[in-house]
Amino acid sequence: MNQGEANDVRRWRELLASERDAAALYSRLADIESGERRKIFEELRAIEQRHAGHWEDKLRNAGAEIPSTARASLRTWLVALAARQISTAAVLPLIERGERADAGMYDAEPDAAPGMAAEERSHARTLSRLKDEPRPTAPREIAGREGWHRTDRSGSLRAAVFGVSDGLVSNAALVMGFAGSGSSRTAILLAGIAGLLAGAFSMAAGEYVSMSSQREMYQREISLEAQEVAEKPEEEHAELVLLYRAKGLDRADAERLADRIMADPEVALDTLAREELGLDPEALGSPWSAAISSLLAFASGAVVVVVPYLFAGGTAALFVAIGIVTLALFGVGAGIGLLNGRSFLRSGLRQVIAGGLAAAVVFGVGHLIGTTVS
């Protein structure tokens, strides 16, 4: 046996050991589970055993010794023990990461059988389906009819609240810092306006870049999914079957549902984008809308502390500013509490304390600096 053949044999034995170990792990998980999930683990075990058989045949045909079936690796033993003592759900993320790391192991393997690479890539996706809790996609009509569902799935409400709160707290702290230093009304007013403009445009620019990058990433994922639907419909069909089996359907029902979805490429892409990628192709968001919304949200919060200094200065303007900022902080916090179904009083007071502390610290620093400089 020459050096090249010896290298082949060594590589085949390593691949054989890896497939046997994976089969042993899925066998243990199947023993723990029941119902449809048990069947899925048994199918994964069968795939790994078939792959192991392929490498046994390669060794046999090369006249090399086939290693006897060894005990499972320490990792497999520990993962199986954790699954039995806790739950399979607890160890699925760990197993999924391992499968994703090995997903491309056969892409450049010249001796792999046809379909082995695709089957290995599908394992991680199968485990991802199993670890996710079944969550049927509710139609928009249900969400609109049941107004008590206040979940902000798009993140726009969170961004708006964050923008107002950030503008309010940061600009109030900035103005309080100048006020504490004993600066003139003109200096305080200019600082407040500069803080408002700088913060608002900074928020807008950051949100525009962030949303643009996110949108481009999502569009790329959807385009890749569209390419897979066109070039590998069998794999995508199998993904849908596994997805719906993981949600609780039996194989026959999952097959029928996947057949109906894959019959229309547009429906298949929309379904896979929502179910596999967690994306809504019709609601990727507009970078310009996000930027303008962030700008206006920050500005609306930042302008509050500036208003008193438009009409007065000195101690009177300072106390008025403190009063309206306190009310605004409480209003923002109370609004968050109401939206989240929590106590508006507790949320409002929490916001006042957090924002008040920030402003007080900066006021103190400004006072120390002003006293030192003067």
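Any read-out appearing in this document is the output of simple, stated calculations on the displayed coordinates, not a laboratory observation. Everything quoted here is computed from the prediction, not taken from an experiment. Methodologically, a virtual Cβ is constructed for each residue, glycine included, from the backbone with ideal geometry; neighbour enumeration extends over all protein chains shown.
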Worksheet item: Say we join alpha carbon atoms closer than 10 Å with springs in a Gaussian network model of the chain; which of Ala108, Ala118, Ala191 then has the biggest fluctuation?
Response: Ala108
Item to complete: At 0.36 nm per residue, minus the direct Cα-Cα distance, what do Asp250 and Ala316 gain on full extension? Give it in nm, one decimal, please.
Response: 16.5 nm
Fill in: Alpha carbon centroid spacing (whole Å) that separates region 214-236 from region 299-346
47
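Write down the Kirkwood hydrodynamic radius of region 157-270, to one decimal in angstroms, obtained as one divided by the mean of 1/r over all alpha carbon pairs.
Values: mean 1/r = 0.0535 Å⁻¹.
Hydrodynamic radius (Kirkwood, Cα only) of region 157-270 equals 18.7 Å.
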Discussion item. I need the shape label for the chain. Rule: rounded when a/c is under 1.5, else prolate if a/b > b/c, else oblate, with a, b, c from the alpha carbon gyration tensor.
Written reply: prolate
Worksheet, complete the sentence: With label points set 7 Å from each Cα along the Cα-to-Cβ direction at Leu197 and Val361, the distance between them in nm comes to 2.9
Response to the item:
FRET efficiency for Gln85 and Gln227 from the Cβ-Cβ distance with R0 = 51 Å, rounded to 0.05, comes out at 0.75
Worksheet entry | Förster radius 45 Å - calculated FRET efficiency between Gln219 and Arg75, Cβ distance, rounded to 0.05 | 0.75
Worksheet item: If you rank Phe201, Phe363, Phe311 by fewest surrounding Cβ atoms within 10 Å, what's the result?
Response: Phe311, Phe201, Phe363
Practice prompt. Find which of Ser210, Ala254, Gly355 sits farthest along the positive direction of the dipole of region 156-373, computed with +1 on the beta-carbon of Lys and Arg, -1 on that of Asp and Glu, about the Cα centre.
Written response: Gly355
Worksheet entry | Net lengthening on full extension, Ala62/Arg50 (0.36 nm per residue, minus Cα-Cα) | 2.5 nm
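Under 1.5 on a/c is rounded, so check that first for region 156-373, then, if it is not, pick prolate when a/b is larger than b/c and oblate when it is not; a ≥ b ≥ c are the square roots of the alpha carbon gyration tensor eigenvalues.
Details: a/c = 4.34, a/b = 2.79, b/c = 1.56.
The shape class here is prolate.
Please find the FRET efficiency linking Arg38 to Arg260, where r is the Cβ-Cβ separation and R0 is fixed at 22 Å, and quote it to the nearest 0.05. Walk me through the numbers before you get to the answer.
Details: r = 26 Å, r/R0 = 1.20.
E between Arg38 and Arg260, to the nearest 0.05, is 0.25.
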